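One structure is given below, encoded as structure tokens.
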Amino acid sequence: MARKENIHNLIRQISMVVLGFIKDEESKFPDRWVPTAHIKHSLELNFVAVPRANEQYGEKGWLFAIIARILEDQKLIEYKKSGKRAFCRVL
């Protein structure tokens, strides 16, 4: 059980670091809406999510999606989509 708790604690810690980054970046964008692409690119949060033997077409933002959902569920950020672009900001 300790490993599971450690993993979940580390994910929460990562989420808080990302939250701090979003907060710091908000002043650079209209109405504080930070593009999620900016967050993923700046923090290099795109990763290949499958074993080498499988195929995936490029890196994906799955880690950021998990982090954003955790922060959204805790009511720490709000998320919006405009066309094909996504944005978030700290509540």
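Computed from the coordinates by the stated procedures, all read-outs in this text should not be read as laboratory data. Predicted model only: the values in this text are computed from it and were never measured. Note that each Cβ is placed from the backbone with ideal geometry, even for glycine, and that neighbours are counted across all protein chains shown.
Hey, what do the phi angles of segment 31-36 turn into as Karplus ³J(HN,Hα) couplings, whole Hz, using 6.51/-1.76/1.60 and θ = phi - 60°, x for Gly and Pro?
So the J values, rounded to whole Hz, are 6, 6, 7, 8, x, 5.
Cut-off 10 angstrom, C-alpha nodes, Gaussian network model of the chain. Which of A53, A37, A68 fluctuates the most?
Comparing A53, A37, A68 in the GNM, the peak value goes to A53.
What residues qualify as long-range amide H neighbours of V48, i.e. H under 5 Å apart, gap of 5 or more or another chain, H built at 1.01 Å from N?
Correct list: K60.
Taking 31 Å as the cut-off for C-alpha to C-alpha distance, list the pairs among K4/K84; K28/K75; K4/K75 that go past it. Provide the component values of the computation, followed by the final result.
Values: K4/K84 35 Å; K28/K75 22 Å; K4/K75 24 Å.
Those over the limit are K4/K84.
Go through [x] 15, 45, 29, 10, 1; [y] 15, 36, 29, 15, 5, 0; [z] 19, 49, 24, 8, 0 and flag the label whose value is the computed P(r) over Cα pairs in 10 Å bins from 0, in percent for this structure.
The calculated read-out lines up with [x].
Could you compute the longest span of the chain free of GluC sites (Glu not before Pro) located in DSSP loops and having at most 10 other Cβ atoms within 10 Å, not counting the site residues?
Details: sites that count: E44, E55.
For GluC sites (Glu not before Pro) (loop position, at most 10 other Cβ atoms within 10 Å), the longest site-free span of the chain is 1-43.
Relative contact order for the chain: what percent, with Cα pairs under 8 Å and sequence separation of 6 or more? Could the numbers behind the result be given before it?
Details: 93 pairs, mean separation 28.3, N = 91.
Relative contact order for the chain comes out at 31 percent.
What does the extension gain come out to for W62 and S27, with contour length at 0.36 nm per residue minus their alpha carbon separation?
Details: separation 35, 0.36 × 35 = 12.60 nm, distance 2.57 nm.
10.0 nm is the gain from fully extending W62 to S27.
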